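Chemist: Pasting in a structure now, in structure tokens, and then I'll have a few things to ask.
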Amino acid sequence: MSSPARHERIVDEADAATWITDTMTIAIGDPAPMAIIRQIIRRGVKDLTVVGSGLALDLLIAAGCVRRTMAYYVGGGFGGAVAPSFRRAAEQGEIEVWECEEGILTTGLRAGAQGLPFLPWRGGVGTSLPEVNPDLKVITDPIKGETLIAVPAIEPDVAILHAAVSDAYGNVQHCGGPGWLDLFLQRAADRTIVQVEKIIANEEVRSDPWATTIAGADAVVRAPYGAHPFYSRGYYVQDRAFTRLYVEAATAAAQAGDRGPLDAFLTRYVLEPETHGDYLERVGVKQLIALYEY
Amino acid sequence: MPTDEMPTDEMPTHGAATGFDPATATRQEIMATFLANDLQDGEILQIGAAMPVGEVAVRLAHFSHGPNMELIFIGARMNAAHLDVLPTPEFGWDRRTVRWAESFSDTGHRFDRVKDWHRRVFFIGGVQVDAFGNTNLIGVGENHRRLRFRGPGSVGTSTLSTLVGRYHIVLNSHSARTFVERCDFISAYGWGQGGADARTKLGIPGGGPKYCITPLCVMDFAPDTKRMRLHSLHPGVTVEEVRANTGFALDIPDDVPTTPRPTATQLEIIRTRADRRGALRH
């Protein structure tokens, strides 16, 4: 008599994006899970609260998906100015900024993961952060009487990440270790989708269980080059020519009020390609294979 | 991209007579040298992205007198004292730099152990800097919901400025728009509203901002009031120029020295090893 089979967790990027609905809180990791982000935009999801950073978050704002950001840095990265769509939307009051900071965001995610209402953090005492973000409470600790900041639990509905490999059951292994806050996003979120460069055999995972960085992602999406135009450790470097295309188009929209180039960019690279494969064809093989490590 | 703008065939090795004449040091090279001279062997340098003066300062100190320093780029911690050059990363996981790492940490786990952060030094920028060394990366305006200028966000500066042994404010320009009496918003607490106890009375353990350095001058904080004062003028800069470009009343001592130029040896390290691409020569 055979036992029932274990469920595989592989879905495609369009199915994964159906997990995201209006007004949810989502967390997007770094490297950015761009294959799924593009599908979220194609679905026209609105009023998201997004834990994220940088240009991936900026693209979601440009596409009109975001009501609130929970981010401590939304810049172009490495000398880039403030990300253009974020800057414009924040200045116009079109999005709400849940003002925070690296240590504070990490603390809130930790509280979320541990089922605590809050955790204290010292970084930010004396700053304007508790004034501009009333969710952050200045407290006197009951043990030593020190002044600290109580950071409320952050619990995203869905965390969306990009990693190197996973098996069909969501056992994810990063190349060169996990980056940014990805593990904290996964721990705090109700559900996690991880898109990967490659799906590997379960036997391969079992051969090195210590390498498993996320045990049991709820869904796995096969997305080679899925972080493009951003880097994916061990696979490819950032496509700076492509991110420049976006920044120029978004800057024209934000500063000169000319949405033409931005709409053309979104149409060509986000709305028209139905699948991740279609997107990669638009970008082109030559451009993609030029992005290998040095 | 040229990796070495120096004509290597004729590359001289020492001193004024051979082409590393201190008189040719740019303002930014002088800034980097000043910061490098402040850094001590054995310290841990948390290095932000795209801050060329700070990046060169750290490399200069590491190569010239700090072989036991630890350099942390994003989460890549390394010692590069054995290298001739250490490239500047161009994005978050630039292999040309992080391949020298001895250990990695993601952003979140970096906060698991902060009890040795008094050994760390870092450099901070800001869209506003005020008379007591508070800095603002949030934005400019009266109403946080409708800022006139939205800044990039606090990054990790609120926590770093709270915990590290000391830090320096480093700006690429010196203007009355940036230097204000009081920041519209404070993302990193420096010396608050002043006074030697501005930090201890809030229980903030870190040592606070020590120097503020710009293309015009070096400033520090008076020990009793912790108000910013002029420390030295870069060669060729006048007190009037600094005063005119500072939006608050800067304390100016009677006798203001000139910021020292790099020595020929330091300039050689900068131009051939710490800043081969010449980011500070433009």
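The values are calculated or read from the model by the stated rules, or taken from the named source; none is laboratory data. Predicted, not measured: the structure shown is a model, and the values here were computed from it. Using ideal geometry, Cβ is built from the backbone for each residue, glycine included, and neighbour counts are taken over all protein chains shown. Accessible surface areas use protein heavy atoms only, side chains included; no ligands, DNA or RNA. Shrake-Rupley method; radii C 1.70, N 1.55, O 1.52, S 1.80 Å.
Chemist: Enter the accessible area of A:Y236 (Å², nearest 10), with the probe set to 1.4 Å and all protein chains included.
Modeler: My reading of the accessible area for A:Y236 is about 10 Å².
Chemist: Pop a pseudo-label 7 angstrom from the Cα along the beta-carbon direction at both A:A211 and B:R277 and give the gap in nm to one decimal.
Modeler: Here the modelled spin labels are 3.2 nm apart.
Chemist: For peptide B:98-111, compute the average count of partner chain beta-carbon atoms within 10 Å of each residue's beta-carbon. Write out the running numbers ahead of the final one.
Modeler: Numbers: counts 2, 2, 0, 1, 0, 1, 4, 2, 12, 14, 16, 6, 3, 9.
Partner Cβ neighbours, averaged per residue: 5.
Chemist: Okay, moving on. What are the ³J(HN,Hα) values, in whole Hz, obtained from phi via the Karplus relation 6.51 cos²θ - 1.76 cosθ + 1.60 with θ = phi - 60°, for each residue of the stretch A:157-173 in sequence order, with x given for Gly and Pro?
Modeler: 5, 9, 9, 10, 10, 10, 9, 6, 9, 8, 8, 5, 9, x, 8, 9, 10
Chemist: Kindly identify residues of the stretch A:152-196 having a loss of at least 30 Å² in accessible area between the isolated chain and the assembly of all protein chains, probe radius 1.4 Å.
Modeler: The answer is A:W180, A:F184.
Chemist: Evaluate E = 1/(1 + (r/R0)^6) for A:T21 and A:E281, where r is the Cβ-Cβ distance and R0 equals 30 Å; express this FRET efficiency to the nearest 0.05.
Modeler: Calculated value: 0.55.
Chemist: State the answer as a single residue: which of A:T267, A:F118, A:L48 lies farthest towards the positive end of the charge dipole of the protein assembly as shown, with beta carbon charges of +1 for Lys and Arg and -1 for Asp and Glu, about the Cα centre.
Modeler: Of the candidates, A:F118 comes out farthest on the positive side.
Chemist: What list of ³J(HN,Hα) couplings, whole Hz, do you get for the stretch A:271-286 from phi and the Karplus terms 6.51, -1.76, 1.60, once you set θ to phi - 60° and write x for glycine and proline?
Modeler: Using θ = phi - 60°, the values come out as 7, 6, x, 6, 10, 4, x, 4, 4, 4, 5, 4, 5, x, 4, 4 Hz.
Chemist: Give me the distance in nm between label points sitting 7 Å out from Cα along the Cα-to-Cβ direction at A:D135 and B:T225, one decimal.
Modeler: A separation of 4.1 nm, rounded to one decimal place.
Chemist: Let me ask you something else. Return the long-range amide H neighbours of A:V51 (sequence gap of 5 or more, or a different chain), with a cut-off of under 5 Å between placed amide H atoms.
Modeler: A:I26, A:A27, A:I28, A:M70
Chemist: What is the Cα centroid distance between the stretch A:122-172 and the stretch B:226-240, reported in whole angstrom?
Modeler: The two parts, judged by their Cα centres, are 40 Å apart.
Chemist: Now, a different point. How much accessible surface does B:T238 have with a 1.4 Å probe, in Å² rounded to 10?
Modeler: Roll a 1.4 Å probe over it and B:T238 shows about 60 Å².
Chemist: Given a cut-off of under 8 Å on Cα pairs at least six residues apart, what relative contact order in percent is computed for chain A?
Modeler: Reported relative contact order: 19 percent.
Chemist: Normalising by the residue count of chain B, find the relative contact order in percent from Cα pairs under 8 Å and 6+ residues apart.
Modeler: Once divided by the residue count of chain B, the mean separation gives 22 percent.
Chemist: Using only Cα atoms, locate the centre of the stretch A:69-103 and the centre of the stretch A:258-294, then give the distance between them in Å, rounded to an integer.
Modeler: When both Cα centres are located, 24 Å separates them.
Chemist: Also, quick follow-up: Would you list which lysines come within 20 Å of B:K226, measuring only between C-alpha atoms, while excluding same-chain residues fewer than 8 positions from it?
Modeler: B:K201, B:K210
Chemist: How high is the relative contact order of the stretch B:185-282, in percent, with contacts defined as C-alpha pairs under 8 Å that are six or more residues apart? Walk me through the numbers on the way to the answer.
Modeler: On the way: 99 pairs, mean separation 18.0, N = 98.
In percent, rounded to a whole number, it is 18.
Chemist: Also: Calculate, for A:A81 and B:V239, the FRET efficiency according to 1/(1 + (r/R0)^6) with r their C-beta to C-beta distance and R0 41 Å; round to the nearest 0.05. Walk me through the intermediate numbers first.
Modeler: Values: r = 32 Å, r/R0 = 0.78.
The calculated FRET efficiency here is 0.80.
Chemist: Turning to a different aspect of this structure: For the stretch A:169-294, give the magnitude of the charge dipole about the Cα centre (Cβ charges: +1 Lys/Arg, -1 Asp/Glu; no others), in debye to the nearest 20.
Modeler: Dipole of the stretch A:169-294, to the nearest 20 debye: 200 debye.
Chemist: Which of the aspartates and glutamates could a cross-linker span from B:K115 if the Cα-Cα distance has to be under 15 Å and same-chain partners fewer than 8 positions apart are dropped?
Modeler: Partners found: B:E43.
Chemist: Something else: Could you state how much accessible area B:C212 has, in square angstrom rounded to the nearest 10, with a 1.4 Å probe and all protein chains kept in place?
Modeler: In the full protein context, B:C212 sits at about 0 Å².
Chemist: Separate question: Taking the Cα centre as origin and putting +1 on Lys and Arg beta-carbons and -1 on Asp and Glu beta-carbons, what dipole magnitude results for chain A, to the nearest 20 debye?
Modeler: Its charge dipole is roughly 180 debye.
Chemist: Continuing with the same structure: The stretch B:116-130 to the stretch B:40-110: how many Å between their Cα centroids?
Modeler: Using only Cα atoms, the two centres lie 16 Å from each other.
Chemist: Here's another thing I want to ask about it. Name the aspartates and glutamates eligible as straight-distance cross-link partners of A:K286: C-alpha to C-alpha under 20 Å, and not fewer than 8 places from it in the same chain.
Modeler: Of all the aspartates and glutamates, those that pass the test against A:K286 - Cα under 20 Å, at least 8 places apart if same chain - are A:E197, A:D239, A:D278.
Chemist: Let me ask you something else. At 1.4 Å probe size, put B:D254, B:D38 in order of accessible surface, largest to smallest.
Modeler: Sorted by accessible area, descending: B:D254, B:D38.
Chemist: Where does chain B land at 222 nm, in deg cm²/dmol rounded to the nearest 500, when only DSSP H runs of n ≥ 4 count, each adding -39500 (n - 2.57), divided by all residues?
Modeler: Calculated from helices alone, the mean residue ellipticity at 222 nm is -4500 deg cm²/dmol.
Chemist: Find which of B:G190, B:N134, B:L147 sits farthest along the positive direction of the dipole of chain B, computed with +1 on the beta-carbon of Lys and Arg, -1 on that of Asp and Glu, about the Cα centre.
Modeler: B:L147
Chemist: Also, I was wondering about something else. Go through the stretch B:104-109 residue by residue and turn each phi into a ³J(HN,Hα) via Karplus (6.51, -1.76, 1.60, θ = phi - 60°); whole Hz please, and just put x for glycine and proline.
Modeler: Values per residue, Gly and Pro as x: 10, 9, 6, 4, x, 6 Hz.
Chemist: On to the next question. Size of the dipole of the stretch B:130-212 about the Cα centre, Lys and Arg at +1 and Asp and Glu at -1 on the beta carbon, nothing else charged, in debye to 20?
Modeler: Here the stretch B:130-212 has a charge dipole of around 160 debye.
Chemist: Peptide A:84-97: average number of partner chain Cβ atoms within 10 Å per residue? Before the final figure, lay out each step's value.
Modeler: On the way: counts 0, 0, 3, 6, 1, 1, 9, 8, 3, 4, 0, 2, 2, 7.
Counting other chains' Cβ atoms within 10 Å and averaging over A:84-97 gives 3.
Chemist: Same structure, new question: Percent antiparallel among DSSP beta bridges with both residues in the protein assembly as shown, to the nearest 5? Each step should come with its number before you reach the end.
Modeler: On the way: 33 of 78 bridges.
Bridges in the protein assembly as shown are about 40 percent antiparallel.
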